[in-house]
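Before any comments, here is the structure.
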Amino acid sequence: MDTLSLPVTSLAAILNGAILLALTVAVIRDRRAGGVVMGDDGNRQLAKRIRGQANAAEQMPIALILLALSEAQGANGWWLALVALVFTAGRAAHGAYFAIPGVHWTARFWGMLATLAAQLLLLLTLGVTLLI
């Protein structure tokens, strides 16, 4: 049986999974502190944290899928590692704005810019890899 090795994707999944876990813990902590079972109960800080967690859950899967497919198709590992690093740094910056009180809004802006740039690069990389 052949084994598919995706080391870049695996490392990116570990790092992004840790970011998502941290965002989830922040939501749980705020829910417990406020006695909120569902929704945000009008708590703006909790609403912000919920949205940050949801955004990570929306963005991470497609990027990891594109990364895995690109890696499986034989795209250059160093290139993929660089793009994965940009994506992960973007997710960390974006998440910090939502999870850590007092983090300036520019972390969100640059985090989302890095996220979208990395996703575009992954789309192009997969497309080029399929054509070669």
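Throughout, read-outs are computed from the coordinates displayed, never taken from laboratory work. None of these values were measured; they are calculated from a predicted model. As a convention, Cβ positions derive from the backbone with ideal geometry for all residues, glycine included, and neighbour counts pool all protein chains shown.
Length gain on complete extension for the stretch Leu21 to Asn76, per 0.36 nm per residue less the alpha carbon to alpha carbon distance?
Here the answer is 16.9 nm.
Between Thr3 and Ala33, with labels modelled 7 Å along Cα→Cβ, what's the label distance in nm to one decimal, could you check?
So the two model labels end up 4.4 nm from each other.
Through the Karplus equation 6.51 cos²θ - 1.76 cosθ + 1.60, θ set to phi - 60°, convert the phi angles of the range 2-12 into ³J(HN,Hα) values in whole Hz; use x for Gly and Pro.
Couplings: 6, 10, 8, 9, 10, x, 5, 5, 4, 5, 4 Hz.
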